[in-house]
Amino acid sequence: VDANGNIYFSDLATGTIYKWEPDGTVSTFLTGSGGANGLFFDRNGNLVACQGDNGSLVSIDSSGTVTVLADQYNGYAFNKPNDLWVAPDGGIYFSDPAYGVTPVQDGEHVYYIAPDRSGVVRVINDTTRPNGVIGSPDGELLYVTDHGAGQTFVYDVNPDGTLANKTLFASV
């Protein structure tokens, strides 16, 4: 949801991001989205998206200009970035499962990009298949669903964006 109450959602099959306005109007925001999923607005009003088909995390401004924020870790492409959360301080957490693809990374992990976009850090490396990622409104907790393990965990968020105190939150 953007600052004006418009809801953005993706259609993976058509590679389209749509905008639904409070009056019920639906319009196309972006075509050729690269398999965009995991949409979230940053504090500057840009739509951040996981482009699973392109293996990247991108920022999309209001005119539809796409800027790649990350497309690799340690010299290797991502598997298939899926879901993300933008923390109140501007840091970005995103999951990188390998749905329908052979993993390129040495597993399926969760990554973090600092607010200054200085680089990518792997913050979770012990998941089977991470998927949903969301944080608390105050930015102090991060919830991550390990779809492959049928569990959701909660982590404390450290000031540098790293995570601590992994705790089971729910099991399927």
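The values are calculated or read from the model by the stated rules, or taken from the named source; none is laboratory data. A quick note: this is a predicted structure, and the numbers were derived from the prediction, not measured. What goes into the accessible areas is simple: the full protein's heavy atoms, side chains included, and nothing from ligands, DNA or RNA. Shrake-Rupley method; radii C 1.70, N 1.55, O 1.52, S 1.80 Å.
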Angstrom value of the Kirkwood radius, inverse mean 1/r, which spans all Cα pairs in the stretch 47-143
13.4 Å
May I ask you to give the solvent-accessible area per residue for the stretch 114-172, in square angstrom, as obtained with a 1.4 angstrom probe?
55 Å²
Between the stretch 61-101 and the stretch 102-172, how many Å separate their Cα centres?
13 Å
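Over the chain, with every protein chain in place, what whole percent of the accessible area is carbon and sulfur at 1.4 Å, could you tell me? Don't jump to the answer; show the numbers that get you there.
Details: 4040 of 8270 Å².
Carbon plus sulfur share of accessible area: 49 percent.
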Using only C-alpha positions, report the orientation-averaged shadow area of the convex hull of the chain, nm², one decimal.
10.0 nm²
